[in-house]
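Input: a single structure, listed below in structure tokens.
The values are calculated or read from the model by the stated rules, or taken from the named source; none is laboratory data. Please read all numbers here as calculations on a predicted model, not as lab measurements. Cβ placement follows ideal geometry from the backbone for every residue including glycine, while neighbour counts extend to all protein chains displayed.
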Amino acid sequence: MGITKQMECGECGSKDPITLHNLWYRGIYSQLCTACVLAHHAASFCPICFDAYEDTKLPPPHLRVMCLRCPAVAHISCVYSLPTSSSSSATRYHCPQCSIPNFTFFDLNASDVQNGNLITKDLAKQFVAAAKIALISMNKAAVIARENAEKRASEAVMARKRAKEALDRVAFLMLKEAEEDSRSSSNS
Ligand SMILES: [Zn+2]
Ligand SMILES: [Zn+2]
Ligand SMILES: [Zn+2]
């Protein structure tokens, strides 16, 4: 994991440095673009308002709606606020990834982006959600690293104790052997 590694998304290869996040992903430190962070952490944020769930704690069951096809979880209030709420009722909810053909998060080619604002409010929210998800993953990685370090430290203490015991035992045996040698040589 070199710091000199090329800046690009580990999933899609995007090289836009502005949208890249550092995160702990699939057990290694990775760089992913905003779109890929969101696409691969569907259960970590609401796909409608783009609020990231703190510490990956989902909203309580009566306030959330799960996508029928993927792990995505939306606020029930957000689902009901959609203009197309008749077709995406809360009981048969499909998230944008599962219901919109060719959907991508953080879509810089979307018409409202092309028509003016470079970063629309939605895109800004998506970026913040991805940044939060990345931060949460790094915090988790830090906890794991600390636990591993503590485990390694206690393992080292145990290993040192065992080595000391082995050494003591060797010293004891050598001493005993030497005594027996001197005794047998004095007897002869
Ligand atoms: Zn990507
Ligand atoms: Zn929401
Ligand atoms: Zn879905």
- Item | Top-ranked residue of the range 55-73 - restricted to ones that are within 18 Å of the chain's Cα centre (by Cα) and free of Cβ contacts under 8 Å to residues at least 24 places away in the same chain, ranked as farthest from ligand 3 (Cβ to nearest atom) | LYS57
- Those residues of the range 110-138 which are more than 19 Å from ILE48 (Cα to Cα) and modelled with pLDDT under 90 amount to GLN114, ASN115, GLY116, ASN117, LEU118
- Item | Which numbered condition THR19 fails, given (1) modelled with pLDDT of 95 or more; (2) in contact with a Ser or Thr (Cβ under 7 Å, 6 or more places away or on another chain) | (1)
- Does VAL65 satisfy being buried (at least 17 other Cβ atoms within 10 Å of the Cβ), in contact with a strand residue (DSSP E or B) (Cβ under 9 Å, 6 or more places away or on another chain) and part of a helix (DSSP H, G or I)? no
- Note on the structure: Considering the range 27-81, residues that are farther than 16 Å from CYS98 by Cβ and aromatic (Phe, Trp, Tyr), and then whichever is farthest from ligand 1 (Cβ to nearest atom), we arrive at TYR80
- When restricted to GLY2, GLY10, the only residue at pLDDT below 95, under 14 Å from the mean Cα position of the chain (by Cα) and assigned to a loop (DSSP other than H, G, I, E, B) is GLY10
- Note on the structure: Considering residues that are within 14 Å of ligand 3 (Cβ to nearest atom) and in a loop (DSSP other than H, G, I, E, B), the number found within the range 33-54 is 5
- Query: What are the residue pairs meeting all of these: first residue in the range 23-47, first residue over 15 Å from CYS95 (Cα atoms), second residue in a helix (DSSP H, G or I) and aromatic (Phe, Trp, Tyr), Cβ atoms under 6 Å, and 6 or more apart or on different chains?
  - Reply: THR34/PHE127
- Collect the residues in the range 51-85 that are within 19 Å of PHE105 (Cβ to Cβ), of a type in the set (A, V, I, L, M, F, W, C) and near ligand 2 (Cβ under 10 Å from one of its atoms), keeping them in residue-number order. VAL65, VAL73, ALA74, CYS78, VAL79
- Message: Looking only at the range 41-50, filter to residues that are of a type outside the set (Phe, Trp, Tyr) and surrounded by 17 or more Cβ atoms within 10 Å (Cβ to Cβ); which one of those is nearest to ligand 2 (Cβ to nearest atom)?
- Response: CYS46
- Task: Output the qualifying pairs, or none if there are none: Cβ atoms under 6 angstrom, residues six or more apart or on different chains, first residue in the range 93-111 and under 18 Å from VAL37 (Cα atoms), second residue among the basic types (Lys, Arg) and in a loop (DSSP other than H, G, I, E, B).
- Result: CYS98/ARG69
